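Read the structure below first, then the notes.
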Amino acid sequence: MEFNFRIKATITNLIENKMKKKIIPLFQILFTTILIFSCSQKHSSGNDVVFKSYCLDFNWGEGGPNAFAEPGLWADADPEEHIKWYKDLGVNVIQTFIVSCNGYAWYKNGVVPPQPGLIHDFLPEMVEQGHREGMKVMGYLCIGSNTRWGIEYPEYSYGYPADRHIPYTRKYLNYLDAVIRDAIQKTGIDGFMIDWFYQPNRSSHEGRWLESEKERYLELMNEPFPGEEELTDIQYDTYSRRAIEACWDVIRKAAKETDPNSMIWLTAFDIAHPHYVDSKMFREIDWLMNEEGDVSKIEMIRNMVGADTQLITCLASWNKKDARKVVADALKADVGLYGFKKPDANSLLPPIDHYLSAPIESFEGDHRNIATFARVYNNLPMDYIKP
């Protein structure tokens, strides 16, 4: 570490004063030096972020049958290089993948086929190396979308668009239960993020319900499905909340029975959705994130969550939020920070020194967000530029 000029001047004055007047004990000089240095370091950027996370996002990419990455894209990802990138960024929580949206896993010998050509046993190695660096390593499951599931089980999926397409039938819940238990046991993850946990978009079937979901309606509502035209808003909302809660129960039970310390992290692009608010899931979730990046939305649901729930906000190009404002709001509200971006062809993004070598405003989109995080997470001033 380097002393700044103010600290150097203070120390010099103290020493000169001692030499001239011989009234300041040496221990007082040392104590004052340590105190000033410590305070200066702590408040060098005005940041004190407890939850610092990022994700090199393997979901989106080229070559797949939709907007999701083709199976095997970035299969050569090197855990050692990824850990270094996250460490340089300054995160204490890494979010990577159990299964990405293309439906293939990021670890070997599991109940789900691995990404074709997967070189490293990626997720377990990320966990092992991340833990050595003092970081938590979280997996990921997209609850509402899975291309492989849609292709292999068309009667249980509304096609396979890059959108929510999976109803929460018993067959699908059995799949989730098996994947969660398997991943926790075999990879050692600290927990996992669940995403797109809403009802399916049925537009690919012109709004017509699958027979498998009509059966699920009967199971949850204790009455036959009334028909698309006869289904009332009250019936639909009741069914939707019950379907989400039943799925949540399976997710939570699988995680906590396998590892009671496993953390479940819900990300919501609409945190105030009527199928969510005042839900059992909100009361039981470990970490809850508003992906819109609006801290005021978090305040709307703060009294709906458990006493120990970690609240998080997000910086990503899709929500078009001002990075400096989101960071400032999050710090005031004791809310954690997170961001994500699709990697480059080498499965990474530019090294963190790149983001520290120029002013934040010289970057655009997600790169500006990363440049902001690189300073906030490493407790550097926002105007810091690395020589």
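The values are calculated or read from the model by the stated rules, or taken from the named source; none is laboratory data. Not measured: the values here are computed from a predicted model. Heads up, the Cβs are rebuilt from the backbone with ideal geometry, glycines too, and the neighbour counts pull from every protein chain shown.
What the table shows:
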item: Strands (runs of 3 or more DSSP E) (entirely within region 283-361) containing at least 1 residues that are farther than 26 Å from Ala255 by Cα and assigned by TED's automatic domain parsing to the domain that holds Ala272; result: 310-315, 336-341
item: Pairs with Cβ under 6 Å, 6+ apart, first in region 135-146 and over 15 Å from Trp60 (Cβ atoms), second among the polar types (S, T, N, Q) and surrounded by fewer than 24 Cβ atoms within 10 Å (Cβ to Cβ); result: Met135/Asn92
item: Residues located in region 249-281, provided they are surrounded by fewer than 20 Cβ atoms within 10 Å (Cβ to Cβ), among the hydrophobic types (A, V, I, L, M, F, W, C) and not in a loop (DSSP other than H, G, I, E, B); result: Val250, Met263
item: Of all residues making up region 316-371, the number that are more than 16 Å from Tyr86 (Cβ to Cβ) and out of contact with any Asp or Glu (no Cβ under 6 Å at 6 or more places or on another chain); result: 30
item: Meets criteria (without any contact (Cβ under 8 Å) to a residue 24 or more places away in the chain and of a type in the set (D, E, K, R)) for Arg164; result: no
item: Lone unmet requirement of (1) part of a helix (DSSP H, G or I); (2) touching a Lys or Arg at 6+ places or on another chain (Cβ under 8 Å) for Ile244; result: (2)
item: Flag for Gly144 being within 17 Å of Asn102 (Cα to Cα), modelled with pLDDT of 95 or more and either touching a strand residue (DSSP E or B) at 6+ places or on another chain (Cβ under 9 Å) or among the hydrophobic types (A, V, I, L, M, F, W, C) (or both); result: yes
